[in-house]
Structures are given as structure tokens and as C-alpha cells.
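The values are calculated or read from the model by the stated rules, or taken from the named source; none is laboratory data. Keep in mind it's a predicted model, so treat the numbers as computed, not measured. Cβ atoms come from the backbone with ideal geometry, glycine included; neighbour counts cover every protein chain shown. Each accessible area value is taken on the protein alone, full model and side chains, heavy atoms only, with ligands, DNA and RNA left out. Shrake-Rupley method; radii C 1.70, N 1.55, O 1.52, S 1.80 Å.
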Amino acid sequence: MKVNMNIEDDTLIEQINKEITNKKLLLLSLLKEVASIPSPTGSEQQKMLFLKKKLKEIDITASIDSIGNCIAKLPAKKTKSKKTILVVAHADTACDPGKDHKITEDAKYIYGHGVCDNSAGVTALLSIISLIKKYKITFSNDLIFVFTVGEEGLGGKRGMKQIIKDYGSRIDAVVNIESHHIGRVTNQVIGQYRSELLIDTKMGGHSFRDFGRPNANVVLAQIISDFSCFKLPKTKEKTTFNFGQIKGEGSINAIAKNSSCLFEIRSENNETLKKAKQTFKLILEKYRKLHPDIEITENVSVEVPAVIFPSSHRIYKITMDVQKKLGIASKINAGNTDGDVSLAKGIPTVTIGTSEGWNTHSLNEYMDKKLFHLGIKQAFGVVYAVASSY
Ligand SMILES: [Zn+2]
């Protein structure tokens, strides 16, 4: 597909790519600055104030919305048929890095929680806005830039949901800037079901004297064991499940009164997702009947259907065209990101990666240094092409 970009665009992009190459080290130090401010899901305020301040320094007025997203807008130059393009990067991180949070580096890598996911995306978006400002670029489409809260884990994409609620009806396309992998072109949402399971026996007791009373840890273990025996339907699409953060009360000689865990199912197939969810609910029902006095509660935090947008859609063509020019190998894939929310609403959305990282969602996260400037060039190129020719 031919993207409507002319020689002037190409010259400008070349100039900007040169600048990104020259500023490699500065961009890495901005990344370290972003990553050094902790922003675990639910506690992103400090990071958002930092981003707002960074934008203020380049004379961009950003606002923080009711749930903490940081938003900046770039109106289109006057045209008849303007569209609205949303560009997002999530600013929260999966874990709380704690008081000893430090970012370190060696010749090849940068280390520390959140360096890649998603300080890489956040730094790329900051750089894009700053380049647009520096080169006084205006587009034929309106642009809304958002650093979102609550993308990870139990955040349930709450920041992005708020943005789609507030602006969704006028958004024509979304570019979502993520961490890894560089070259990804995410056009699919993996269906997802997430909940917290709580067992409360309302009793507890002495392990010897009160033996025979229900034990919340045992009931939880039985539920987990029953579900783990469930044979997932065989389809070509992938389906997975996971139990995490299993917590139980009691001690070596005390019967547990409460226990809990986190539960997740992911599937590329909506039928399988439904079947797995029903099976889980039937197992809970079985234990509720078996122990009428025990409270078995499930708090559902995420329910997302599987969605696939055709990879032939122009937003993916535009993205792959930019990647090709930069020598990046494109890879169409599925994911769970802020892009889920807009894809589920039928808004064309592309999620791209800006770097290579490992052990993401852990405190031992690290990121490759040498690819980052290429990731920023790609992100700038995609935003530029979508903003000018969508
Ligand atoms: Zn991420």
C-alpha cells in the first residue's frame, strides 16, 4: 500500500531519524529517569506529575484526568475531513519495586523493574511529542497523547477504559506504544478472564482440638486441583490458565479460616474461554453445596473477549511499511495491552514495541540498550504516518 507521504515527509523523517541517532545517550538517560520513579499499578501519581512537568518544559500543557491519566492534545491544522488519532503508552508497572528501587546498567543492558515495560514506551511517547514540538509539525488529523494508569494486572486497563469512555466515539485509530518486542504488530486481543477467589470458613480453630473443622487452605487447594484436571478443548487457538498469589491463614497448629488466590484464563478462542469459565464456576458451585457454611466469593476484575482485526487493515500496512523502511522484521501477533479496550470497541488499533526486554513483570527486569533508538524511530514513524495519512 502506498502511504500518502511525499518527499518533504521523507526528508523530515530522515532528519528526525538522524537526530534520534545523535541523541541515543540522552534518550537512554531519559529512560533511566522515567524508570527510576516507581509507578506500580494504582500508585502512578508521582510518575504522572513528572510527565506533566516534562511536557511543561517543552511548552506543552498536559492535564491529569479524574483517574490519573496524563493527557496532551495536538489539534489538526484546518482541514475538512480531519480524524482523531489516539497515541497511548501505559505508565504503570506490574510490581511494586519497593524502597530500594534502583536502575543500573552495563555496556549492553539497563536493569531495574519497569525499564522496558513500559518506561521504553513512555520515553518513546515523550520523545515523539518533543520532536513534533521542536520541528513545529502539524497534521491533518487531531492527535491525543495519553500516558495511561492501570494497564497492568488488577488495574484492568482502567486508564484506557476511561479514555475510550471519554473520547471513544470520536477516535478513528489508536497507536499503542509498548515495551517489547520491537517489530510486533499486535492486531489481536487474547480473550481474558481474571478474578480473585476468597474462601472464608468463619471458623478456624486449634489444629488438634478442633480437628475436623473445614480448613480454608484445603478447600482452596481442592478447587485448584479440580480445575487443573479440566481438559482444555483442543483447538488451534491457544488457551491457558494460571493460579497466582495463593495465600492462606493458619499456622502449623491452627486451622486456616481464610485463604485466597488470583485466577486467570486466557484464550484466543471465545468458545473455549466460555467453557473454561463455566467449568470454574461449576467447581465453585460444587464446593458451595458441599460446605454451605463456607463463604466462597469470586471478585471478577477483567473480562475481555478475544478479538481479531484483519492484518490487511490499513493501520497495520502503514505500520509494517515504516518497519520495513527501518529494516525491522514485522511480526503480527496477539496480546493483552491497553489496545484490548479499543480493539474490543471496534476501533482500529496497532500496538508496537520499542525495545527488547527480559524478565518483564519482575524485579529482575532488564532491557537491551542498542535497539532502543531504533524503537523510537519506529514509534515516531508510525505516529507520523498514521497522523498524516490515516
Ligand atoms: Zn506493558
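A few points about this structure:
- Charge dipole magnitude, Cβ of K and R +1, D and E -1 - the chain, Cα centre, debye nearest 20: 920 debye
- Summarising the label geometry, the points placed 7 Å from Cα in the beta-carbon direction at Lys73 and Lys18 lie 3.6 nm from one another.
- Couplings 3J(HN,Hα) for region 73-81, derived from phi with the Karplus relation 6.51 cos²θ - 1.76 cosθ + 1.60 (θ = phi - 60°), are 10, 10, x, 6, 6, 4, 9, 6, 9 Hz, where x marks Gly and Pro.
- Dipole orientation for region 192-303: of the candidates Gly250, Ser260, Pro233, Pro233 has the Cα lying most toward the positive pole (charges on Cβ; Lys, Arg +1; Asp, Glu -1).
- For the peptides 360-371, 231-242, 28-39, the ranking by packing is 28-39, 360-371, 231-242, with the highest mean count of neighbouring Cβ atoms within 10 Å listed first.
- Fully extending the segment from Ser43 to Asn242 would add 69.1 nm, taking 0.36 nm per residue of separation and subtracting the current Cα-Cα distance.
- Phi-derived couplings, Karplus 6.51 cos²θ - 1.76 cosθ + 1.60 at θ = phi - 60°, listed residue by residue for region 114-124: x, 4, 8, 9, 10, 4, 5, x, 5, 5, 4 Hz, with x used for Gly and Pro.
- Ranked by how many other beta carbons lie within 10 Å on average, peptides 59-69, 214-224 from highest: 214-224, 59-69
- Pairs exceeding 21 Å between alpha-carbon atoms, taken from Lys238/Lys277; Lys54/Lys82; Lys32/Lys136; Lys56/Lys161; Lys83/Lys377; Lys52/Lys73: Lys54/Lys82; Lys32/Lys136; Lys56/Lys161; Lys83/Lys377.
- Across region 192-303, Cα pairs under 8 Å and at least six residues apart give a relative contact order of 44 percent.
- Beta bridges per DSSP with both ends in region 192-303, % antiparallel, nearest 5: 95 percent
- Computed from point charges on the beta carbon alone (+1 for Lys and Arg, -1 for Asp and Glu), the dipole magnitude for region 80-220 about its Cα centre is near 600 Debye.
- When peptides 272-282, 175-185 are sorted by average Cβ neighbour count within 10 Å, with the highest value leading, the order is 175-185, 272-282.
- Solvent exposure of the chain as accessible area per residue, Å², 1.4 Å probe: 47 Å²
- Note on the chain: with neighbouring protein chains present and a 1.4 Å probe, carbon and sulfur make up 53 percent of its accessible heavy-atom surface.
- Estimated vicinal HN-Hα couplings, Hz - region 206-221 in sequence order (Karplus 6.51, -1.76, 1.60; Gly, Pro = x): 7, 5, 9, 5, 9, 3, x, 5, x, 10, 4, 5, 5, 4, 4, 4
- Angle in degrees between helix 45-57 and the longest Cα principal axis of the chain, rounded to the nearest 10: 0 degrees
- Seen from Glu19, the other residues with C-beta closer than 12 Å to its C-beta sum to a net charge of +4, counting Lys and Arg as +1 and Asp and Glu as -1.
- CD proxy at 222 nm, helix term only [per DSSP H run n ≥ 4: -39500 (n - 2.57); per residue of the chain; nearest 500]: -11500 deg cm²/dmol
- Inter-probe distance in nm under a simple model that places probes 7 Å from Cα toward Cβ, at Leu363 and Lys286: 3.8 nm
- Of all DSSP beta bridges in the chain, antiparallel share, percent nearest 5: 65 percent
- Amide H within-cut-off set for Val185, under 5 Å, with H built and near neighbours excluded: Lys331, Ile332, Asn333
- For Ala254, residues with placed amide H under 5 Å, excluding near neighbours: Ser207
- Cα gyration tensor category, rounded, prolate or oblate, for region 192-303 with a/c compared to 1.5: prolate
- Cα long-axis angle, helix 372-389 against the chain (0 to 90 degrees, to the nearest 10): 70 degrees
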